[in-house]
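A.B. asks: Before we start, here is the structure in question, set down as structure tokens.
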Amino acid sequence: VEAWVRPESTADQTIVDRCALYPESNPNKKNAAIRSNFRIGVKDGKPYGLFDNTDPVLSGTGKSTSRVVGTAALEQGKWTHLALTYTGDTLSLYVDGELAGDATQTTLIPATGVHDISQDPDLSGGDRYAVYPAVFTIGARPESDAMDLSDPAMTECFKGWVDEVRVC
């Protein structure tokens with residue numbers, strides 16, 4: 001995922017986020033939680049990228065999250081290109097085309113919202129899958145305790161401009 005950003009603030013904020021809502025009845029039988037598949041944001045003035053697993057805990061916490069943080073703060077009023085890539089074992093953050101950081105994590109399973117893929121138990125050859133609600137947001141992210149992604153409370157609203165967002 002990539003985007004051009006021009007922040008007016010270096011406060012903690014979200015640039016892009018893709019998340020799924022896992023209800024209390026999720027396969028792990030724990031509390032409901034919103035899991036981010038990926039996120040680009042700003043924390044303490046620096047850009048960061050996050051890639052989450054499917055476990056039902058708050059995004060960005062626990063050992064199932066891989067996070068990379070840029071080395072320099074974003075400049076207010078200046079356009080900057082940010083890109084986050086994941087190769088299956090390495091999460092990399094690029095700032096203006098230069099590698100700003102990477103993290104190796106081989107145990108991540110994307111929080112895609114797909115929670116059940118199996119062959120039909122009667123062996124008729126039919127496959128089934130189930131999907132939890134998921135959203136892609138630009139300029140904010142749903143509150144971690146949101147229970148409805150159709151109209152969730154938003155947090156970490158981006159102050160500035162976001163342009164040319166691309167997800168590949």
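Computed from the coordinates by the stated procedures, all read-outs in this text should not be read as laboratory data. Just so it is clear, the model here is predicted, and its values are computed rather than measured. Every residue, glycine among them, receives a Cβ derived from its backbone with ideal geometry; neighbour counts consider all protein chains shown.
A.B. asks: Just grab the label-to-label distance for F136 and W79, each label 7 Å out from Cα along the Cβ direction, in nm (one decimal).
C.D. replies: Distance between the two pseudo-spin positions: 2.2 nm.
A.B. asks: Sort the following peptides by mean Cβ neighbour count (other Cβ atoms within 10 Å, averaged over residues), highest first: 45-51, 135-141. Working shown, then result.
C.D. replies: Details: 45-51: 22.7, 135-141: 18.3.
The densest-packed peptide leads the list: 45-51, 135-141.
A.B. asks: Still on this structure, I have one more. Amide H to amide H under 5 Å from T155: which residues, 5+ apart in sequence or cross-chain, H placed 1.01 Å off N in plane?
C.D. replies: Here the answer is R141, E143, since their amide H atoms fall under 5 Å of that of T155.
A.B. asks: Given H placed 1.01 Å from N in the peptide plane, which residues other than close sequence neighbours of V16 have an amide H under 5 Å from its amide H?
C.D. replies: Amide H neighbours of V16, under 5 Å, 5+ apart: I40, G139.
A.B. asks: Moving on. How many nm is it between the label spots at L99 and A72, if each spot is 7 Å from the Cα in line with the beta carbon?
C.D. replies: 1.8
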